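This report refers to the structure that appears directly beneath it.
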Number of protein chains: 2
Amino acid sequence: VHYKLYYWPSIQGRGEFVRLALEHALADYTDVARMPAARGSGMPAMLRLLGDSRLKHPPFAPPILQAGKQYVAQTANILYFLGGRLGLAPRAEAERLWVHQLQLSVADFVVEVHDTHHPLGPSMYYEEQKVAARRRAADFTRNRLPKFLGYFETVLARNGVRGGYMAGGRLSYVDLSMFQLIAGLRYAFPKTMKRRERHIPGLVALHDRVAAGRNIAAYLASERRIPFNEEGIFRHYPELDA
Amino acid sequence: VHYKLYYWPSIQGRGEFVRLALEHALADYTDVARMPAARGSGMPAMLRLLGDSRLKHPPFAPPILQAGKQYVAQTANILYFLGGRLGLAPRAEAERLWVHQLQLSVADFVVEVHDTHHPLGPSMYYEEQKVAARRRAADFTRNRLPKFLGYFETVLARNGVRGGYMAGGRLSYVDLSMFQLIAGLRYAFPKTMKRRERHIPGLVALHDRVAAGRNIAAYLASERRIPFNEEGIFRHYPELDA
């Protein structure tokens, strides 16, 4: 199967959780909006898809994954779809739902990370909501970040199967997402993370193991990995990193 | 199967999306935290579950559904789990993922509804963030609410199968969630909704049809349906309803 990923070409964003799964599995895929527009790809192709009134299953927003005639949207849904196909999810239904449940908690956390710089909503620039952002980020770094990371560390510790993965004895897509969370939080909140990391040794070790994996290491060293920047979810604004 | 739902007993909240599915299907279930504490139920039972260090799959937060020895958390994940079992989801995998995708967009919308009264995060009371709430709510009622409801109306219109449901020709759990969204938004933002409803005739008709269904009508008329209030997701603060 050849997969097509439709996502904003200049940010990691939510699409990165999908890119990591595709890259780890060496899946055959095109990152459509990052290709030259001249070849029927690029942003025009993504905007055409978003505006296509013939689509029976219109997506609300990117990322969108195309597999043949099927379009799947919503990051956690895409990963659920890909998990079985790419060998990145357990086979038993109860375990598959457990990994999906964890991914949905990742999604909740990602919203809260995003809202540190956009507490008043997505329609205003950061510069228009800096005062509110400071208050929200203070609560985030003091309360919410420790709560979420502490939860994920507990999940790791409770996993009865050795190997240091979130669920069962093999790597699943949620392990790749944990890597991305730690990497992103280190970029956005370096001071906060410096204090926090000694409380989450399992997650830090998992991050390192994922980063050192052959396919992910090659991806991270490639131009396919978009650098963190101040357009995505994880943004480094020193004033928000108390 | 006897299901146990663990959720806050004094609010509809996210648990209501699960309650509606259980009620529509006349499922055999206990709303644990709403039962008397004396009989091993009530809030003590829910707090015991949340603090149970032997749980291999600890949930991040309620709602949590117990089916035998299996615990499933995250609202959309619970509905995905229940959908097939209660006849509230299509059988084909692509259609099941489509309904789940819609439910995840419902979940995104619910976060934005909640954040109108808590833009600075869940750790502060509404009264401590009223100024920021006004700004966020203004953007919500002007931009986000029309965008989300317009999207769901488009989904209804694109459904090739007659019947007025969101997906395919039979009621699924996402139809029940649409009822809850419309009902909640009418409670929280009556002025905004009065202007908006003529743009979403399909959703309004779907709301009415769900409300008139025998099992849901009986539920809504019962004491099991907790009234909307200012502790849940949909809160009526007149100053936020521009």
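The values are calculated or read from the model by the stated rules, or taken from the named source; none is laboratory data. These figures come from a predicted structure and were not determined experimentally. Cβ: placed from backbone, ideal geometry, glycine included. Neighbour counts: every protein chain shown. Heads up: the accessible areas ignore ligands, DNA and RNA and are worked out on the full protein's heavy atoms, side chains in. Shrake-Rupley method; radii C 1.70, N 1.55, O 1.52, S 1.80 Å.
Worth a mention:
- Flagged links, alpha-carbon separation over 29 Å, of A:Lys147/B:Lys4; A:Lys130/B:Lys147; A:Lys130/A:Lys194; A:Lys147/B:Lys147; B:Lys147/B:Lys191: A:Lys147/B:Lys147
- Trypsin sites (Lys or Arg not before Pro) restricted to DSSP loop in the range B:143-242 with at most 10 other C-beta within 10 Å: B:Arg162
- Which of B:Ser222, A:Ser10 is most accessible, then next, and so on - probe 1.4 Å: A:Ser10, B:Ser222
- All other residues whose Cβ lies under 12 angstrom from that of B:Lys191 are scored, Lys and Arg at +1 and Asp and Glu at -1, for a net of +1.
- Length-normalised contact order for chain A - Cα pairs under 8 Å, 6+ apart - percent: 22 percent
- Per-residue ellipticity at 222 nm, computed for chain B from helices alone with -39500 (n - 2.57) per DSSP H run of at least four residues, works out to -15500 deg cm²/dmol.
- Table column - 3J(HN,Hα) (Hz), the range A:166-171, Karplus curve with 6.51, -1.76, 1.60, x for Gly and Pro: 5, 9, x, x, 10, 5
- Separation of the A:Met35 and A:Ala94 label points, Cα + 7 Å toward Cβ, nm: 4.3 nm
- Backbone HN-Hα couplings from phi across the range A:13-18 [Karplus 6.51/-1.76/1.60, Hz, Gly and Pro as x]: x, 5, x, 5, 5, 6
- Cut-off 16 Å (backbone N to label point 7 Å along Cα→Cβ of A:Leu47), residues of the range A:56-75: A:62
- Cα gyration tensor, the range B:1-124 - rounded (a/c under 1.5), prolate or oblate: oblate
- Computed from backbone phi, the HN-Hα couplings of the range A:202-218 come to x, 5, 5, 5, 5, 3, 5, 5, 5, 5, 8, x, 4, 5, 5, 4, 5 Hz, rounded to whole numbers (Karplus: 6.51 cos²θ - 1.76 cosθ + 1.60, θ = phi - 60°; Gly and Pro given as x).
- The protein assembly as shown shape via C-alpha gyration tensor axes, a/c threshold 1.5: rounded
- Value of relative contact order over the range B:1-47, rounded to a whole percent, pairs C-alpha under 8 Å and six or more apart: 41 percent
- B:Glu197 contributes about 40 Å² of solvent-accessible surface, heavy atoms of the protein only, 1.4 Å probe.
- Amide hydrogen proximity for B:Tyr29: with H placed 1.01 Å from N in the peptide plane, the residues at 5 or more positions away or on another chain lying under 5 Å are B:Tyr3.
- When the square roots of the Cα gyration tensor eigenvalues are ordered a ≥ b ≥ c, the ratio a/c for chain A is 1.5 or more and a/b does not exceed b/c, which makes its shape oblate.
- Per residue solvent-accessible surface (Å²) - the protein assembly as shown, probe of 1.4 Å: 43 Å²
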